[in-house]
Amino acid sequence: MTVSTTSAPQGPDEVDLHDPVLHGEGEPHSVWRHLRRHAPVHRHVTADGRPFWSVTRHQDAMRVLRDHRAFTSARGNLLTTLGSDDVASGRMVTVTDPPRHAELREPQIRALTEGVHATAGPRMRQAVRSLIAPALDGAPVDLARTAARLPLMALGPVMGLPAQDWPRLGRLASAAVAPDDPAYAADAPDGTRTTLAAVHHEIFAYFRTTLRARFRAPADDLLTRLLPGPGEDARARAELAVHHCYSLLLGAATTLPHTVSATVLAMSEDARVAEAMRQGPEALTTGIEEALRWSSPASHVMRHTTRPVELAGARLPAGEAVVVWLGSANRDEAVFADPYRFDPGRTPNRHLAFGYGPHYCLGAALARASLTAVFAELLDVVGGVEVCGRVEHLNSHFIAGISRLPVRLASRRRMPR
Ligand code: HEM
């Protein structure tokens, strides 16, 4: 990823951080850098008049994310819901505060058992092997498209979802978080663009039907583990299970591929990245943490103030939206030396790619296990990466991602050692 490290050309008031195009075609990193220096907690107003505060420094991001009493998630945790309270509060883990939050989080943690993490690795290596093998003859391949298939290959078997449904679920999940990007916008059967509400509806309807089937015929899978037990309010618990499935699908499908693509792009720009990550298990682990910091696929999370708060010298009234830019916190020069360099050996690496505080990503262990397997396999079989076409970034203020990454891969086996 090439970023300008010069200050933003405009003042913070002229920059529309809410505009998805800025994140796809522009340079959020130079804007964030300017804000970290000159206005670390800054009030923006969207083009249609909705205000929100931007938090760009690492230490302020941690302060907001750990204090759920002053900064609630209950009104929505993404800019897509700015100005209209999230209707899933109390049912969806991401938009519910403690103590109810723990009641929603526990079943998902239990469902993601240790067995899930243990089997993720071999399955992901096999998935990468099958996806990459046809491209090892040097023919161009869109790595972004290939990476987009990985999350469902990791999560699909765990959840017990049939393989023929994975592509559709992947597309729906992407459309749900990046509805403004032409590559991700979901199309209705009549060719018109479906609304965000229709995408949500389709995902919920899918899981309702699938869970109902699992209720009739239980299996040894995550879906069955989420079903109501004896003595529980079956209807309420089943509806919660649908929300859990939605959170897990979106959490996995919309983030993982972008860490893979951004890291492969970094490897194409500097061969030392791959070389360093090949130096053994510890080097791979620190390399993956750097990949997470570098890619920060969840670009922001949102909260609302519940009372007046002072943050980095700014006075925030009660009831205001506060957007924590994780991508910015992860480039904060006060915490990371030389933050615009992909340093595979970086330690410590206190990145916030998985968030922080009570909502810390509950798929982090699965994500780490999956990424470790993906890169162990890639580094084993791929000797070199060359970008061979135009790279396109997603138009999304939530997902920092690559939608097109045409590359040629050189097989390592054929490379002179
Ligand atoms: C590179 C991969 C991933 C990244 C960067 C990522 C990032 C994040 C972030 C930043 C949050 C915090 C949201 C907030 O504070 O409002 C979060 C929460 C969450 N993630 Fe992930 N995630 C990843 C992978 C996964 C996977 C694989 C799953 C599912 C297995 C998952 C499921 C979830 C869920 C359910 C939550 C909500 C937790 C809560 O609210 O308590 N994520 N993730």
(Q) Of everything in segment 81-98, what is within 13 Å of the ligand (Cβ to nearest atom), closer than 18 Å to Gly319 by Cα and either outside any loop (DSSP other than H, G, I, E, B) or hydroxyl-bearing (Ser, Thr, Tyr) (or both)? Give them in sequence order. (A) Thr81, Ser89, Val95, Thr96
Q. Can you tell me which residues in segment 257-312 are open to solvent by 20 Å² or more (accessible area, probe 1.4 Å), within 15 Å of the chain's Cα centre (by Cα) and not β-branched (Val, Ile, Thr)?
A. Glu289
Q. When the residues of segment 357-415 are filtered to those that are within 16 Å of Ala133 (Cβ to Cβ) and assigned to a loop (DSSP other than H, G, I, E, B), which remaining residue is nearest to the ligand (Cβ to nearest atom)?
A. Arg412
Q.
Could you check segment 360-390 and list, in sequence order, the residues that are touching a strand residue (DSSP E or B) at 6+ places or on another chain (Cβ under 8 Å) and open to solvent by less than 40 Å² (accessible area, probe 1.4 Å)?
A. Val381, Val382, Gly383, Gly384, Val385, Gly389
Q. Within segment 62-80, restricting attention to residues that are hydroxyl-bearing (Ser, Thr, Tyr) and out of contact with any helix residue (DSSP H, G or I) (no Cβ under 6 Å at 6 or more places or on another chain), which residue is farthest from the ligand (Cβ to nearest atom)?
A. Thr80
(Q) Looking at Glu320 and the list (1) under 24 Å from Leu22 (Cα atoms); (2) away from the ligand (no atom under 15 Å from the Cβ); (3) open to solvent by less than 10 Å² (accessible area, probe 1.4 Å), which single condition is not satisfied? (A) (3)
Q.
Just to be sure before I move on: is Thr347 touching a Ser or Thr at 6+ places or on another chain (Cβ under 8 Å), away from the ligand (no atom under 16 Å from the Cβ) and of a type in the set (S, T, N, Q) in the structure I sent?
A. yes
Q: Quick one: which residue in Val141, Val93, Val116 is open to solvent by less than 70 Å² (accessible area, probe 1.4 Å), in contact with a Leu (Cβ under 8 Å, 6 or more places away or on another chain) and over 14 Å from Leu362 (Cβ atoms)?
A: Val141
**Q.** In segment 323-344, the residues that are within 11 Å of the ligand (Cβ to nearest atom) and either open to solvent by 40 Å² or more (accessible area, probe 1.4 Å) or of a type outside the set (Val, Ile, Thr) (or both)
**A.** Leu326, Gly327, Ala329, Asn330
**Q.** Residue check, Asp48 away from the ligand (no atom under 12 Å from the Cβ), among the acidic types (Asp, Glu), more than 12 Å from His304 (Cβ to Cβ) and touching a residue at least 12 places away in the same chain (Cβ under 8 Å)
**A.** no
**Q.** In segment 151-167, residue nearest to Val385 (Cα to Cα) [restricted to those that are out of contact with any helix residue (DSSP H, G or I) (no Cβ under 6 Å at 6 or more places or on another chain) and touching a residue at least 12 places away in the same chain (Cβ under 8 Å)]
**A.** Pro167
**Q.** Residue that is nearest to the ligand (Cβ to nearest atom), among those in segment 291-313 that are touching a Phe, Trp or Tyr at 6+ places or on another chain (Cβ under 8 Å) and among the charged types (D, E, K, R)
**A.** Arg303
Q. What is the one condition in (1) within 25 Å of Thr372 (Cα to Cα); (2) away from the ligand (no atom under 16 Å from the Cβ) that Thr255 does not satisfy?
A. (2)
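The values are calculated or read from the model by the stated rules, or taken from the named source; none is laboratory data. From a predicted model like this one, the values you see are computed outputs, not experimental measurements. We place every Cβ from the backbone using ideal geometry, glycine too, and count neighbours over all the protein chains shown. Only protein heavy atoms, including side chains, enter the accessible area calculation; ligands, DNA and RNA are left aside. Shrake-Rupley method; radii C 1.70, N 1.55, O 1.52, S 1.80 Å.
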